[in-house]
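Student: Below is a structure I'd like to ask you about.
No value in this document is a laboratory result; all are computed from the given coordinates. Here the structure is a predicted model, which is why all the values come from computation and not from measurement. Positions of Cβ are generated from backbone atoms using ideal geometry, with glycine treated the same way; all protein chains shown enter the neighbour counts.
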Amino acid sequence: MARITGFLNQYNNSGTRHSYSSGVNAFLSYIYNYTRKSEGQRISEEDKKQLELLADRYVFEGRDYEKDLIDFSNYCAQKYAPTSGRHYVAVVKEFLSYNDIELTRKQEKNVRNKTPEGGTITEEADLTKEMVRQLLNACDIRLKALILVLISSGVRIGEALNIHFDDIKFSDDGTYGILSLRGVSKTRGHKLKNRYSRVTFINKEAVEVLQQWYKVRRSFIEISCKKSLGRWEPSDIDDERIFPFGISAMGASFRTALKRANLFEQDKETGRASIHYHLFRKYFITTMTYSGIPDKFVNFYVGHLGELDRAYNKQSKDKLLEMYLKGEPHLRIFDESALEIAKTQEEIRETKDRVRDIQLENLDMKSKLQDFDKMQTKIQELEQRMSAINSLDKVSSNLKPKDHEAIAKIIIEIQKEEGN
């Protein structure tokens, strides 16, 4: 088996294979100053054969691998964004290891020190609801359904393109859909990024457009097969994925829709579009967070939970749905009334909370007033006793023996009555 193909076949996820292929191809093209005949992301069969020959040549030449990787790192720092450059260098090291080429610890350290630094440098657009609405109006039904699934569920584009029909269950009233993502699927040949299964949801708008896509999906694919000039086979019609398309194909469609909507802009430094699929995931996280949904739920929907969170912050599907539906109206793009209803319901809840607080304050005040009345009564009793004692003190010096006897008799009578 060819070296590059064998290396890529270790990975089940098509997105992983695509990005790893790009890294290896970029490395070999740089080392041997090879110019690919094909343009864009799709690589021709002729280029594949030439790159496989270069891979064989590289392994057998016995080159200075440390120097090659450092030179390639410097090239990546100039050619690509820092994150892409680091990724490509890491992919090449994996490729070398696959071919039994291992760097020493010192060489690893030297290469690591030369790896491009920094984060994403592409200027991204601040995505607003108006911009999304404008974009959706320029999309065909396939792309419109995909975007609404992304923006209402928080899933990654690679995850969305691997969703099968039996992964989504619609509610009886069609107001939401339950999306079950499988961490690892041997039969389907894919894995999620962190390999953990999770549940998220899609909202009413996504359900409605998705059902429209279901109705035209087969005819859409048949027409695409005819236009593909052999890139698609009739068997693709029976693909069980809801969106049986590759990331590159959907990227091209997305770019076309952006241009139609007059939203297409490129970053001057990187040449990348300022609006891309990942922004919908960010939009979901931001919108749900600002609508008051706790982070632990938002992180679960998008798959950001760590080991400890999974062990100690588990939530039932009912609780996940309850919290999702609280934030769902804020995710709707076209239905403004739903957002107004949500705001009204929030205002009603706040009013109820204020009324409840006032009632509690009143009860507390009543309790304090009752305590005050009791205290006043006790004070009056004490005042009466003190007055009586003072009166006795004043007259005690003027009492005669017979007065003492009369008082003693009265006290005796009182004691007898209390004893009975």
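Student: Can you work out the Karplus-derived ³J(HN,Hα) for every residue in the stretch 128-145? Use 6.51 cos²θ - 1.76 cosθ + 1.60 with θ = phi - 60°, whole Hz, and x for glycine or proline.
Tutor: For the stretch 128-145, the Karplus-derived couplings read 10, 4, 5, 5, 5, 4, 4, 5, 4, 5, 9, 9, 6, 5, 5, 5, 4, 5 Hz, x marking Gly and Pro.
Student: Full-extension gain between Thr377 and Asp172, please, as 0.36 nm times their residue separation minus the C-alpha to C-alpha distance.
Tutor: 67.3 nm
Student: Mind giving me the FRET efficiency for Glu265 and Phe165? R0 is 60 Å, r the Cβ-Cβ distance, nearest 0.05 is fine.
Tutor: 0.95
Student: Right, here's the next one. Which pairs, out of Lys93/Lys144; Lys378/Lys402; Lys204/Lys226; Lys282/Lys326; Lys282/Lys317, put more than 29 Å between their alpha-carbon atoms?
Tutor: Beyond 29 Å between Cα atoms: Lys93/Lys144; Lys378/Lys402; Lys204/Lys226.
Student: So if each residue of separation counts as 0.36 nm, and I subtract the Cα-Cα distance between Asp140 and Ile414, what length gain in nm does that give?
Tutor: Contour length minus Cα-Cα distance gives 88.4 nm.
Student: Apply 1/(1 + (r/R0)^6) to the Cβ-Cβ distance of Lys37 and Ser248, taking R0 = 22 Å, and write down the FRET efficiency to the nearest 0.05.
Tutor: Using R0 = 22 Å, I get an efficiency of 0.80.
Student: Further question: Evaluate Rg over Rh across the stretch 3-113, taking Cα atoms for both radii and Kirkwood's formula for Rh.
Tutor: 0.93
Student: I would also like to ask the following. Say the dipole of the stretch 3-113 comes from +1 at the beta carbon of Lys and Arg and -1 at that of Asp and Glu; which of Ala81, Ser44, Ile4 then lies farthest toward its positive end?
Tutor: Ala81
Student: Something else: What length, rounded to one decimal in nm, is gained on full extension from Met365 through to Asp56, with 0.36 nm per residue of separation minus their alpha-carbon distance?
Tutor: 102.5 nm
Student: Testing the spin-label approximation: label points 7 Å from Cα along Cα→Cβ at Phe334 and Tyr98. State their distance in nm.
Tutor: Between Phe334 and Tyr98, the simple spin-label model gives 4.4 nm.
Student: Under a point spin-label approximation (7 Å from Cα along Cα-to-Cβ), what is the Val355-Ser44 distance to one decimal in nm?
Tutor: That separation, rounded to one decimal, is 7.5 nm.
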